[in-house]
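Notes to accompany the following structure.
The values are calculated or read from the model by the stated rules, or taken from the named source; none is laboratory data. Worth saying up front: this structure is predicted, and the values here are computed from it rather than measured. Positions of Cβ are backbone-derived with ideal geometry, glycine not excepted, and every protein chain shown enters the neighbour counts.
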Amino acid sequence: MELFALFLTLALGLFILLGTLIVFISKNNEKFIPFSLALAFGVMSSLSVLELFPEAYEHLIESVSSLWAL
């Protein structure tokens, strides 16, 4: 499991490097940078919501079931 986490960290670092190179190659295009930032924000926020939603739903079900048990 630790080797898999190390591989994911390495892959993430390589993708960050690739994104940095793309921004530098694009020569500060006025439309490209806001688009890429908006895309990155959308991906990160959707992943956060999708990761947190199942756990929050489980906690909600446990809370409601404990209320009905009273």
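Miscellaneous remarks
- Out of Phe7, Phe41, Phe32, one residue alone is in contact with a Ser or Thr (Cβ under 7 Å, 6 or more places away or on another chain) and surrounded by 10 or more Cβ atoms within 10 Å (Cβ to Cβ). It is Phe32.
- Annotation: of all residues in the range 21-66 being in a helix (DSSP H, G or I) and of a type in the set (D, E, K, R), the one that is modelled with the lowest pLDDT is Glu51.
- Where a residue in the range 3-24 is in contact (Cβ under 8 Å) with a residue 12 or more places away in the chain and among the polar types (S, T, N, Q) and its partner, wherever it lies, is loosely packed, with under 10 Cβ neighbours inside 10 Å and assigned to a helix (DSSP H, G or I), with Cβ under 8 Å and at least six apart: none
- Selection of the range 16-29 for residues being of a type outside the set (A, V, I, L, M) and surrounded by 10 or more Cβ atoms within 10 Å (Cβ to Cβ) yields Gly19, Thr20, Ser26, Asn29.
- Per-region count, the range 52-61, residues among the charged types (D, E, K, R) and surrounded by fewer than 10 Cβ atoms within 10 Å (Cβ to Cβ): 1
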